[in-house]
Amino acid sequence: MINFLPSMRKKIVAGNWKMNLTREAGTILISEVVNMVHDEVNSHVQVVLCMPFPYLGFAKKLFQSRANIAMGAQNCHEKPLGAYTGEVSAPILRSFDVDYVIIGHSERRQYFKESDEQLSEKVQQVLANHMTPIFCCGESLDMRQNGDYIGFVKQQLTKVLFHLSAEDFSKVVIAYEPIWAIGTGITASAEQAQEMHAALRGHIAAHYGATIANRITLLYGGSCNAKNASELFACPDVDGGLIGGASLKSREFVNVCKSLPV
Ligand code: PEP
């Protein structure tokens, strides 16, 4: 029996704004979050703001060099450059000082038909450009009710991530986001989140060994908000959250950040 140690892991709360907020509202939100994080959030919590591409050109200046606030994008293309009109590559993101990139969000898989092979290339691009991928995985409601949902999510990791070297894999952040909980107001219970997170950590240990499994940050995402975050974040294998709707209001989002024990 392996004993996993939460204290060894980086704690992260990442907000995913999705395709919301125009310039003025987004700028106000950033400024409010930056000030509140500075005043109220433990400096060991890494806060990440994943915003639409146009913000990435100016958002960092608003962070006031706060070490525990990082800038994230929500996607990148799997190729480093070329004739892909409308797309944004990992080298472009890095040149704008992006720190984190969400890869494989279920909305990208569903609406843009992103395949495991593409996601695998995207993860490699993000790593090759010295940014941190936040790799999303999670099962549908049908899979949860009728299938081997744990086996399914383990396979998502195997297919997209397990070809990475141990060194590269150690740099990845994983977000478990059950699709039935995203944007639905239905959240996984703490027991459901812990069950999956523990299973994924065990799966990682079986492939990469316990030391690496111990160090990987596993986030929970899916209707996580200031009311339910404390219970979810108290689970031993939950190291923070990927937050959608609740990241669009500064008070709510910062309260989520404050719910993370460090
Ligand atoms: C998400 O889209 O990553 C997410 C977790 O959304 P929400 O919190 O709104 O369910």
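The values are calculated or read from the model by the stated rules, or taken from the named source; none is laboratory data. Not measured: the values here are computed from a predicted model. All Cβ positions, even for glycine, are placed from backbone atoms using ideal geometry, and neighbour counts span all protein chains on display. The protein model used for the area step is the full one, side chains on, heavy atoms only, and it has no ligands, DNA or RNA in it. Shrake-Rupley method; radii C 1.70, N 1.55, O 1.52, S 1.80 Å.
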Applying the selection to region 165-175, what residues are more than 10 Å from the ligand (Cβ to nearest atom) and either closer than 16 Å to Arg109 by Cα or within 17 Å of the chain's Cα centre (by Cα) (or both)?
Asp168, Phe169, Ser170, Lys171, Val172, Val173, Ile174
Across region 125-136, which residue is farthest from the ligand (Cβ to nearest atom) among those that are in a helix (DSSP H, G or I) and either open to solvent by 10 Å² or more (accessible area, probe 1.4 Å) or not hydrophobic (A, V, I, L, M, F, W, C) (or both)?
Ala128
Among residues of region 60-91, those that are without any contact (Cβ under 8 Å) to a residue 24 or more places away in the chain and open to solvent by 80 Å² or more (accessible area, probe 1.4 Å), counted
7
With respect to the numbered conditions (1) surrounded by fewer than 19 Cβ atoms within 10 Å (Cβ to Cβ); (2) assigned to a loop (DSSP other than H, G, I, E, B), which one is the sole condition not fulfilled by Glu139?
(1)
Just one of (1) within 18 Å of the chain's Cα centre (by Cα); (2) modelled with pLDDT under 95; (3) surrounded by fewer than 22 Cβ atoms within 10 Å (Cβ to Cβ) trips up Ala188, so point out which.
(3)
Report, by residue number, each residue of region 92-124 that is among the aromatic types (Phe, Trp, Tyr) and either buried (at least 21 other Cβ atoms within 10 Å of the Cβ) or closer than 26 Å to Phe162 by Cα (or both).
Tyr100, Tyr111, Phe112
For region 225-238, pairs from a residue that is in contact (Cβ under 8 Å) with a residue 24 or more places away in the chain to a residue that is among the acidic types (Asp, Glu), with Cβ under 6 Å and 6 or more apart or across chains, are Ala226/Glu252
Of the residues that make up region 112-128, is at least one of a type outside the set (Gly, Ala, Ser), more than 20 Å from Asn75 (Cα to Cα) and out of contact with any Ser or Thr (no Cβ under 6 Å at 6 or more places or on another chain)?
no
When you look at Ala198, is it of a type in the set (A, V, I, L, M, F, W, C) and modelled with pLDDT under 95, yes or no?
no
